[in-house]
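**Student:** Take a look at the following structure, please.
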Amino acid sequence: MARPDAPDVLARWLLPFAGAFTVPTWRSVLVLVSGTLLAPGRRTVTTALSILGLREIATFTTFHRVLNRNRWSGRWLARPLLHQLVEAFVPRGPVVVGIDETIERRWGAKITARGIYRDPVRSSHGHFVKASGLRWISVMLLAPIPGAGRVWALPFLTALAPSERFAHIRGCRHKKLTDWARQLLLQTARWLPERRLVAVGDMGYAAIELLAAVRRHLTIVARLRLAARLFDPPPPRRPGQRGRPRVSGARQPSLPERLRSRETLWRRVTMTDWYGEGDRLIDVASGTAAWDHPGKRVPIRWILVRDVSGEFEPQALLCTDLEADPLLVLGWFVRRWSVEVTFAEVRRHLGVETPRQWSDKAIARTTPALMGLFSLVTLWASEELIRATPRRASWYAKPQLTFSDALAAVRHRLWLSADFVISRKDQDRVEIPRNLRCRLTQPACSPA
């Protein structure tokens, strides 16, 4: 069987990334990306080849070697992807990124990086559920998408954060999530030296060591524990004063005390698009302090938020930019909910958790590639989303465009790039090549 050619439109879309691969590997990459976009269900190498009509190809191992053997760098690919996303969706103003981790549920003795973690989806405050799998930490651009009506989280840099058992087996030091976050965020800041960078995370990234390491390069916004120890800045030294300089001043009232105190100055505002639920009336109080833990400290702006209607518990946020407007910080933080939406979308529409590789290199490459493909699909479909309408049904009133609409637009372009032959101009009929008809009917008839 002759070696297949990828659609020309896909080759044009992916041209900025061609320099990361050799010519033979690049041809295989185009085939894999094309098949992954068109295939329903699982996203394995064989599924990608099957949707392209390549079930009988004898050199199928060539495509497996793209993931488990060939030389290319996922981090190299992340840089041009980030630049394309920023140029398209955030041409000016601060660049807001979200950072979070997710568990890819995988089993198997040969998957050495696998660990046992708390399942964030099925666990609750009173119920702990463990899950076996791979832990990924991802940095995503949080940007409004034209035509979609909301902020999307677009992954561009994803890394595997192995378990402590994996480090013990390899005989190396275990790297904590905050260590991975520090490296990923500083790498992102180096790629955008001319832009203001804001990183949004949950309480797991509110660590003094992490904040102190990155605060000179970017701004971090995260949830703050109500029990945090907050202090005034150290007083100036008096002339002739002896002894070691003080590192902190008097201790401030705790955040729970500020919530109960009548002296706290609250500002009542209406936040738009509060976690995707529309407008929300809230009270906001803010101030600056030194967050201190014995032996380590960092200056922060704290922000207290309470719901006027009382539907959610009061919460505290921190920002490493002491001059930042509290309302602007809140606007950055509520974008974070779109990160969880992206994690759900890549599982449902791009088959994350369905690949079945067990080699370390293939595992470390496949999921970041699928996460990046989410951003590429959004980028390629952005122009069509502006004039598109949500795909609705009489039983489903879909108010906004979602990633499924973007993926459908990209698939439509790829399928139409095949050679259709119109038999007669005066008839509403199109002749489809036999090979293309087989590729279309096979996924429609096969259960998997």
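**Student:** Counting only residues that are in contact with a helix residue (DSSP H, G or I) (Cβ under 7 Å, 6 or more places away or on another chain) and in the same structural domain as P146 (by TED's automatic domain parsing), give me the helices (runs of 4 or more DSSP H) lying completely in the stretch 318-421 with at least 1 of them.
**Tutor:** 337-349
**Student:** I'd like to verify a number: residues in the stretch 297-317 that are within 24 Å of L218 (Cβ to Cβ) and in contact with a Pro (Cβ under 6 Å, 6 or more places away or on another chain), how many?
**Tutor:** Of the residues in the stretch 297-317, 1 are within 24 Å of L218 (Cβ to Cβ) and in contact with a Pro (Cβ under 6 Å, 6 or more places away or on another chain).
**Student:** Of (1) surrounded by fewer than 16 Cβ atoms within 10 Å (Cβ to Cβ); (2) at pLDDT 95 or above, V86 satisfies all except one. Which?
**Tutor:** (1)
**Student:** Still on this structure: Could you check how many residues of the stretch 157-186 are among the aromatic types (F, W, Y) and at pLDDT 95 or above?
**Tutor:** Residues flagged as among the aromatic types (F, W, Y) and at pLDDT 95 or above within the stretch 157-186 amount to 1.
**Student:** Sort out which residues of the stretch 106-120 are loosely packed, with under 12 Cβ neighbours inside 10 Å and either among the small types (G, A, S) or out of contact with any strand residue (DSSP E or B) (no Cβ under 8 Å at 6 or more places or on another chain) (or both), and write them in order of number.
**Tutor:** G108, A109, K110
**Student:** Hey, another quick one. Need a quick list: strands (runs of 3 or more DSSP E) entirely within the stretch 57-154 having at least 2 residues that are under 16 Å from P368 (Cβ atoms).
**Tutor:** 95-105, 130-144
**Student:** Related question: Under 9 Å between Cβ atoms, at least 6 apart or on separate chains: pull out the pairs that start in the stretch 109-133 with a residue that is farther than 15 Å from A364 by Cβ and assigned by TED's automatic domain parsing to the domain that holds E164 and end on any residue that is modelled with pLDDT under 85 and of a type in the set (D, E).
**Tutor:** Within 9 Å, the pairs are F128/D119; V129/D119; K130/D119; A131/D119.
**Student:** A further question follows. Within the stretch 209-218, is even one residue free of Cβ contacts under 8 Å to residues at least 24 places away in the same chain, farther than 22 Å from S338 by Cβ and assigned by TED's automatic domain parsing to the domain that holds L177?
**Tutor:** Yes, the stretch 209-218 contains a residue that is free of Cβ contacts under 8 Å to residues at least 24 places away in the same chain, farther than 22 Å from S338 by Cβ and assigned by TED's automatic domain parsing to the domain that holds L177.
**Student:** Further question: Kindly indicate whether any position in the stretch 286-295 is outside any loop (DSSP other than H, G, I, E, B), assigned by TED's automatic domain parsing to the domain that holds H125, under 19 Å from A212 (Cα atoms) and at pLDDT below 90.
**Tutor:** Looking for residues that are outside any loop (DSSP other than H, G, I, E, B), assigned by TED's automatic domain parsing to the domain that holds H125, under 19 Å from A212 (Cα atoms) and at pLDDT below 90, one finds at least one in the stretch 286-295, hence yes.
**Student:** May I pose another question? Among the numbered criteria (1) at pLDDT 90 or above; (2) farther than 14 Å from V334 by Cα; (3) of a type outside the set (S, T, N, Q), which one does I282 miss?
**Tutor:** I282 satisfies every listed condition except (2).
**Student:** Would you say L85 is closer than 25 Å to G204 by Cβ and either of a type in the set (K, R) or under 21 Å from the mean Cα position of the chain (by Cα) (or both)?
**Tutor:** yes
**Student:** Checking L49 against (1) surrounded by fewer than 19 Cβ atoms within 10 Å (Cβ to Cβ); (2) not in a loop (DSSP other than H, G, I, E, B): exactly one of these is not met. Which one?
**Tutor:** Among (1) surrounded by fewer than 19 Cβ atoms within 10 Å (Cβ to Cβ); (2) not in a loop (DSSP other than H, G, I, E, B), the lone unmet condition for L49 is (1).
**Student:** Does P94 satisfy the criteria of being in the same structural domain as K176 (by TED's automatic domain parsing) and of a type outside the set (V, I, T)? Write out each step before concluding.
**Tutor:** On the way: in the same structural domain as K176 (by TED's automatic domain parsing): yes; of a type outside the set (V, I, T): yes.
Here the answer is yes, as P94 does meet what is asked.
**Student:** Looking only at the stretch 28-37, decide whether some residue is crowded, with 18+ Cβ neighbours inside 10 Å and free of Cβ contacts under 8 Å to residues at least 24 places away in the same chain.
**Tutor:** yes
The values are calculated or read from the model by the stated rules, or taken from the named source; none is laboratory data. This one's a predicted model, so the numbers in the text were calculated from it and none came from an experiment. Please note: Cβ atoms are built from the backbone with ideal geometry, for glycine as well, and neighbour counts cover all protein chains shown.
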